[in-house]
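J.: Take this structure, written in structure tokens, and hold onto it; I'll ask about it next.
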Amino acid sequence: MLSTKEYDAIKEGRYRELKEAFDKLLAVYEGVPSVKGFDKAIRDTKKRIKALEVGSAFAKDDEEVKQAEIAMARRCGELQVYTEIRSMVKKRIKEVCETETV
């Protein structure tokens, strides 16, 4: 089984990896990304995390449990990025709407 420190390191690594990729994409993207797309990604990621939680209960040995924990840590990092980006997009949309009404 993974220690808390290992779990957090895996989660943080995946977070940084996705965050950098999204930052690069958003820097060149002129429009506003779809909030619905991020909502779908968040729902799908939550389902995958739940499936990993349930599936790890049926693991044959410690190695399968460890693999499930690693996958879960990566998915939790993804979930954090998707949630942050969705919040940022909603904020950007609100700012655009406010400037257009002024």
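This table checks each residue for (1) under 21 Å from ILE85 (Cα atoms); (2) surrounded by 13 or more Cβ atoms within 10 Å (Cβ to Cβ).
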{"residue": "LYS5", "(1), (2)": "no, no"}
{"residue": "LYS11", "(1), (2)": "yes, yes"}
{"residue": "GLU20", "(1), (2)": "yes, no"}
{"residue": "PRO33", "(1), (2)": "yes, yes"}
{"residue": "LYS36", "(1), (2)": "yes, no"}
{"residue": "GLU63", "(1), (2)": "no, no"}
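J.: Something else: Can you pull out the residues in the stretch 22-42 that are without any contact (Cβ under 8 Å) to a residue 40 or more places away in the chain and aromatic (Phe, Trp, Tyr)?
T.: Residue satisfying the conditions is TYR29 alone.
J.: If you go through the stretch 74-86, how many residues are over 9 Å from the mean Cα position of the chain (by Cα) and over 12 Å from PRO33 (Cβ atoms)?
T.: 0
J.: Something else: Does any residue in the stretch 76-102 that is closer than 14 Å to GLU20 by Cβ come within less than 7 Å, Cβ to Cβ, of a residue that is among the charged types (D, E, K, R) six or more places away or on a different chain, and which pairs are these?
T.: Hits for this filter: GLY77/LYS11; GLY77/GLU12; GLY77/ARG14; GLU78/ARG14; VAL81/LYS19.
J.: Still on this structure, please answer the following. Return only the number of the condition from (1) part of a loop (DSSP other than H, G, I, E, B); (2) free of Cβ contacts under 8 Å to residues at least 24 places away in the same chain that LEU52 does not satisfy.
T.: All conditions are met except number (1).
J.: Next question, about the same structure. Could you pull out the residue among LYS66, LYS19 that is assigned to a helix (DSSP H, G or I), farther than 30 Å from LYS94 by Cα and touching a residue at least 24 places away in the same chain (Cβ under 8 Å)?
T.: The unique qualifying residue is LYS66.
J.: Among the numbered criteria (1) within 17 Å of MET1 (Cβ to Cβ); (2) touching a Cys at 6+ places or on another chain (Cβ under 9 Å); (3) of a type in the set (Ser, Thr, Tyr), which single criterion is violated by SER56?
T.: The number of the failed condition is (2).
Read the figures in this text as sums done on the coordinates, not as results from a lab. A quick note: this is a predicted structure, and the numbers were derived from the prediction, not measured. Positions of Cβ are generated from backbone atoms using ideal geometry, with glycine treated the same way; all protein chains shown enter the neighbour counts.
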